[in-house]
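For reference, the structure is listed below as structure tokens.
The numbers here are math on the coordinates, done by the rules we state, and not lab data. Bear in mind the structure is a predicted one, so any value in this text is a computation, not a measurement. A quick note on method: Cβ atoms are made from the backbone with ideal geometry, for glycine too, and the neighbour counts reach across all protein chains shown.
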Amino acid sequence: MSVPPVRVRFAPSPTGYLHVGGARTALFNWLFARAHGGTFVLRIEDTDAARNTAAAQAAITDGLHWLGLDWDEGPEKGGPHAPYYQSQRGAIYDAYFQKLVDAGHTYTEENGAVRFRSPRLPIVLPDKICGDIKIDRSGEPDMTIRRPDGSYIFHFVNVVDDIKMEITHVIRGEDHIYNTGKHIELFQAFGAEPPVYAHIPLILNSDASKMSKRDQGAAVGYYQENAFLPAAVVNYLCLLGWSPKDDREILTTDEILPLFHWENMGHSNAKFDMEKCRWFNAQYLAKLDAPSFDHLAISWLLRQTPALSGTDDSRLVGALPLIQPKIKGIPELAEHLPMLFDGAAPIAGDAMAKLSAQPDLSNRLNVLLTHLDAVVEWTASAIQAAVAAAAAALTIKPGALMFPLRVLTTGQTHGVDLLPALEWLGKPETMQRSTARAKLILG
RNA sequence: GACCCUUUCGUCUAACGGUUAGGACACGUCCCUUUCACGGAUGUAAUACGAGUUCGAUUCUCGUAGGGGUCGCCA
């Protein structure tokens, strides 16, 4: 007896955005298919014509493309079970509907809606994650499967398509557990074997509420817009409801595939932690090669308002390596770029306060500027030597001069690695900024 | 309310019935260092509660409580 090849599907409806929980469901289906050499099907459940727009469809396919979750059959690719849009499968549904009618499983309401007559038998759902779940629908009203206008309801089309598309495993959110009772009744009415079910726990907000469109990070588009690295997001998402069962956290999908078992799946809902997601992003950002980082940064800058000096000249490309190791997200460029490019930026309040508290300030600044002015070859190491010499002359530690130097040149208390930044800035600009701000500070 | 799922640091999670209950994010301290960081070290912090089984329970069973989900002619 041969085991049928694994076929899984992600079946979103076009709601206008791709929910991060949906993305995780897609990811788990994708991982399962890839781990078993199976087929990953994308099917668009667009039976609700009202919200079925091109933009809503694009949010799904763009998001999946961006995450790197390639499907084997579905929109853009076609396949043996095309079409993959439910809105185009009316004839199939009509035929399957007739089967139910002929078998006497249905009855029609006064207004024309058609219901499926439930066998009202207790159902046991053998779930791969939750175990055996008892579902008792005997007290429930019969489900409607067709509206008076002839369009079909989710439960019906979902099951028909899973039969037609030969889906072997259904991996979906826990919010579908109870629906599964209805679905199993339909499979049985069609004389079809239900697929293997695995219901994965949900992703919630940090306050345990359901993530909705408005919540930050609920839409995959948020990560795209903010130039997250897809691999980082995928990595983080994998760890919500799945674990390698050891201490590793940074994992490639190749490393995850052999460990993607039901046994490694979590059973309880997970709260989304944007801080940790950003930490993953920082890990991947730091490892990125310079050209890729430049491309990511520049294309993000070009999408910003003009206020953000989004040039792609060599000055900018020279500055980006200074920033790359400092940030957890590309949007933090907006914090670093001004202090590097705007020499006239005002001195930050806390910087001024901390600097004023330094003893012997006037003398220190003057000695520092004198030594800097004497630097011939303007390199980070030469600047460092000048700072060291100035410190020696003042009989203080070099470190004591770094903070004043940072304030003089950037106006800030913190920022990128200073000496390389000054090398990038150049001697004339450094001296000009320093003398101007020194005057301001010393009054 | 009914039914279903679930319960280990604030969060994500690990722990053949025997561990000083481990790791990571976040937070604190120290070290490193020319600065900001990175990094290293370290600290605060968890088995929801109550019974039972057992020599021994985070682990198995039951109950209680908390959280979530579902109860559509939405998907």
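Loop-located GluC sites (Glu not before Pro) across region A:1-91 with a Cβ neighbour count of 11 or fewer within 10 Å are A:E76, with loop assigned by DSSP.
When the P(r) is computed for region A:391-443, the part past 18 Å accounts for 34% of the Cα-Cα pairs.
Please get the size of the charge dipole for chain A, origin at its Cα centre, with Cβ charges of +1 on Lys and Arg and -1 on Asp and Glu, quoted in debye to the nearest 20.
On the way: 41 positive and 50 negative charges, 146 e Å.
With only Lys, Arg, Asp and Glu charged at Cβ, the dipole is about 700 debye.
Once the mean 1/r over all distinct Cα pairs of region A:112-246 is inverted, what Kirkwood radius in angstroms do you read off? Here the Kirkwood hydrodynamic radius works out to 17.5 Å. Residues whose amide H lies under 5 Å from that of A:D46, counting only those 5 or more places away or on a different chain, are A:Q86, A:S87; hydrogens are built 1.01 Å from N in the peptide plane. Cross-linked pairs A:K99/A:K182; A:K99/A:K128; A:K99/A:K213: Cα-Cα separations exceed 28 Å for A:K99/A:K128; A:K99/A:K213.
Measure up A:K134/A:K276; A:K210/A:K245; A:K245/A:K271; A:K354/A:K439; A:K210/A:K276 against 25 Å on the Cα-Cα distance and list the ones that go over. Walk me through the intermediate numbers first.
Details: A:K134/A:K276 36 Å; A:K210/A:K245 27 Å; A:K245/A:K271 19 Å; A:K354/A:K439 17 Å; A:K210/A:K276 19 Å.
Violating the 25 Å limit, Cα to Cα: A:K134/A:K276; A:K210/A:K245.
Note on A:R120 and A:T395: their simple-model spin labels are 10.0 nm apart, each label 7 Å out from Cα toward Cβ. Taking K and R as +1 and D and E as -1, what net charge do the other residues with C-beta under 14 Å from the C-beta of A:C130 add up to? Net of charged neighbours comes to -2.
Going from the residue with the fewest nearby Cβ atoms within 10 Å to the one with the most, A:Y178, A:Y236, A:Y222 rank A:Y178, A:Y222, A:Y236.
Of the beta bridges DSSP finds with both residues in chain A, what % are antiparallel, to the nearest 5?
On the way: 15 of 29 bridges.
Counting only bridges with both partners in chain A, antiparallel ones make up about 50 percent.
Its convex hull of Cα atoms gives chain A a direction-averaged projected area, equal to a quarter of the hull surface, of 28.0 nm². Can you classify region A:129-189 as rounded, prolate or oblate using the Cα gyration tensor, where a ≥ b ≥ c are the square roots of its eigenvalues, rounded means a/c under 1.5, and otherwise it's prolate if a/b beats b/c and oblate if not? Verdict is oblate for region A:129-189. When chain A is modelled as a GNM with alpha-carbon springs shorter than 10 Å, which of A:G139, A:G318, A:G37 fluctuates the most? Maximum fluctuation in the GNM of chain A, among the listed residues, is at A:G139.
Taking neighbour Cβ counts within 10 Å as the exposure measure, how do A:S151, A:S356 sort from fewest upward?
Values: A:S151 14, A:S356 10.
Result, fewest neighbours first: A:S356, A:S151.
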